[in-house]
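Quick note: the coordinates plus some simple rules give every number you see, no bench work behind them. This one's a predicted model, so the numbers in the text were calculated from it and none came from an experiment. Note that we place each Cβ from the backbone using ideal geometry, even for glycine, and neighbour counts take in every protein chain shown.
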Amino acid sequence: MILNYPTFFKTRPTIKLQDPLQKFLGTFQDGVVEFNYLEITKNAGHSCPDVTGAYLMTLRALKALYKDKLPVRGEIEVSFNKDYTDDITSVMADATSHITGATLKLGFRGVEGKFSRIDKLKFNETFEGDIRFKRLDNQKTVIAQYDLDSIPIDPKQDILMSKVLNGEATLSEAIEFEVLWQQRVEKIFNHAADVIKIIEL
Amino acid sequence: MNYPKFFETAPTIRLQDPLSDFLGTFEDGIVEFNYLDIVKSAGHSCPTVSGAYLCTIKALKALYQDETPVRGDIYVRFKSDPLEGVAGVIANVVTQITGATQDSGFKGLNGKFARNNLMEFNADIQTQMEFKRLDTGKSVTVNYDPSSIGGNPKMQELMGKLMQGVASSEEKKEFGELWQSRVEAIFNNIDKVITVS
């Protein structure tokens, strides 16, 4: 079946990792696994600036941590400075968990001390920025900062959004809202270098 | 990515996600998941992951018949504690398909589209899982028992070697193949291993 989604989903950078558990259990040859933005939006149930931000921060942070090597799934600790019940934090945490394999408590608990995926997502940590990523093999750490000030929201988007939510929007207004919403997401992708800063600690 | 061939013939599941529709992500909110999607996220393919995948598909089929299941409108209860054994692995698979979370996930807009508070653990139920449609209140219970699908006895011995780091590369490969052939056998015996009532 073919899903219909904004065409820019197809041209976004993908994230390739090595997953030792996949290799061990014969799932992927050499454990190499690749994620794309479409998969993350399917799981999140939507594409929005938070999901995009989490995706791009993970992409950029892993690049900074691993350079030309493949990032290792399950060997990355991901931290947030808010609680997991915070709305934006949990949406971002779910997206980064999907890519890195890190989970708080719901995940694979390991085989004889290997391959565990739990206790690798941390909340209420103290640091400045949005997401902190740490390689557990060498402790190298980076903080990702996400700032959307340079990508303003079209004022019409908010007006249309409340109309749709209140059930007062016409079909064309609902479609216009969808287009404006995804256009902003696309713009964020196109300005990834401006909206995301990676600070190496 | 190179993966076992049976992944491609495993059943897929299509749902309607009103949040995806609202935010212009998928046309009409139609979204489809396949076993590969689930495996990538879980980090592996095993009897637990395939069981959770198939239980969800069977339960939603029973709940929705010919209708398209609605993501975010399904409440899932587990008998087990979330920190027990493979409960977390199972829950993550169910979350990925249904959107339901306990306290993570999207919290909604104007009371719509919330994905949290849709999952419960330590539930007072007789079966392993229960799926409920929030629109109609209809629910089904699900049990999964793959014990009739025996694994090759060699698997245990090879796994021990792998864990001790003494397996040759041929033995590692053989273990992976035996492991996945059991998963494939589970897919080939869906009605034998899963009970929906």
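Quick one: dipole size for the protein assembly as shown, taken about the Cα centre, charges +1 on Lys/Arg Cβ and -1 on Asp/Glu Cβ, in debye to the nearest 20.
So the dipole magnitude of the protein assembly as shown works out to roughly 920 debye.
Given +1 at the Cβ of Lys and Arg, -1 at the Cβ of Asp and Glu and no other charges, the dipole of chain A around its Cα centre is 860 debye to the nearest 20. Equivalent ellipsoid of chain B: semi-axes from √(5λ) of the C-alpha gyration tensor, largest first, are 32, 18, 16 Å. Calculate I(q)/I(0) for the stretch B:17-57 by the Debye formula, one identical point scatterer on each C-alpha and no solvent, and give its log10 at q = 0.24, 0.31, 0.34 Å⁻¹ to two decimals. Rounded to two decimals, the profile gives -0.76, -0.91, -1.02.
Cα-based values for the stretch B:68-145, radius of gyration first and Dmax second, are 12.2, 41 Å. Taking the charge dipole of the protein assembly as shown about its Cα centre, with +1 at Lys and Arg Cβ atoms and -1 at Asp and Glu Cβ atoms, the residue from A:Ala95, B:Gly43, A:Ile188 reaching farthest to the positive side is B:Gly43. Taking chain B as a Gaussian network, where each spring joins two C-alpha atoms under 10 Å apart, which residue of B:Gly105, B:Gly150, B:Gly165 fluctuates the most? Taking springs between Cα atoms under 10 Å, the residue moving most is B:Gly165. Return the single residue from A:Leu106, A:Leu62, A:Leu70 with maximal mean-square fluctuation; model: Gaussian network over chain A, springs between Cα atoms under 10 Å. Among A:Leu106, A:Leu62, A:Leu70, the largest GNM mean-square fluctuation belongs to A:Leu106. Exposure proxy for B:Cys55, A:Cys48: other Cβ atoms within 10 Å of each Cβ, ordered fewest to most, give A:Cys48, B:Cys55. On the principal axes of its alpha-carbon atoms, chain A has extents of 58, 42, 31 Å, going from largest to smallest. Cβ crowding within 10 Å, taken as a proxy for footprinting-reagent exposure, orders A:Arg135, A:Arg117 from fewest neighbours to most as A:Arg135, A:Arg117.
Over the stretch B:135-197, Cα pairs under 8 Å with separation of 6+ residues give a relative contact order of 58 percent. A Cα-only calculation for the stretch B:1-97 places Rg and Dmax at 14.0, 39 Å. Taking every Cα-Cα distance in the stretch A:139-191 and sorting them into 10 Å bins starting at zero, the pair-distance distribution P(r) comes out as 22, 39, 23, 10, 5, 1 percent. Evaluated with a Cβ-only charge set (Lys, Arg +1; Asp, Glu -1), chain B carries a dipole of roughly 160 debye about its Cα centre, given to the nearest 20.
Both the radius of gyration and Dmax for the stretch A:108-151 are 14.4, 48 Å, in that order, over alpha-carbon atoms.
With semi-axes defined as the square roots of five times the eigenvalues of the C-alpha gyration tensor, the equivalent ellipsoid of the stretch A:1-52 measures 26, 12, 11 Å, largest first. The trypsin sites (Lys or Arg not before Pro) found in the stretch B:31-132 include none that occupy coil by DSSP while having at most 11 further C-beta atoms within 10 Å. In the stretch A:84-195 the Cα-Cα distances spread across 10 Å bins starting at 0 as 11, 30, 28, 20, 9, 2 percent of all pairs.
Summed over qualifying helices (DSSP H, 4 residues or more, each -39500 (n - 2.57)) and divided by its residue number, chain B shows a 222 nm mean residue ellipticity of -12000 deg cm²/dmol.
Remark on B:Leu109: its backbone amide H falls under 5 Å from those of B:Ala114, a criterion applied only to residues 5 or more positions apart or on other chains, H modelled at 1.01 Å from N.
Summed over qualifying helices (DSSP H, 4 residues or more, each -39500 (n - 2.57)) and divided by its residue number, chain A shows a 222 nm mean residue ellipticity of -12000 deg cm²/dmol. Annotation: average projected area of the stretch B:136-193 is 5.7 square nanometres, based on the convex hull of Cα atoms across all directions.
If you take all other residues with their beta carbon under 13 Å from the beta carbon of B:Thr136, and give Lys and Arg +1 and Asp and Glu -1, the sum is 0. Annotation: the antiparallel percentage among DSSP beta bridges lying fully within the stretch B:1-153 is about 80.
When only Cα pairs below 8 angstrom with a gap of at least 6 residues are kept, the stretch B:82-183 shows a relative contact order of 14 percent.
What the Cα convex hull of the protein assembly as shown gives, in volume per residue, is 142 Å³. Result for chain B in a Gaussian network model with C-alpha springs under 10 Å: among B:Asp135, B:Asp73, B:Asp37, the largest mean-square fluctuation is at B:Asp135.
Fewest neighbouring Cβ atoms within 10 Å first, the residues B:Ser20, B:Ser80 line up as B:Ser80, B:Ser20.
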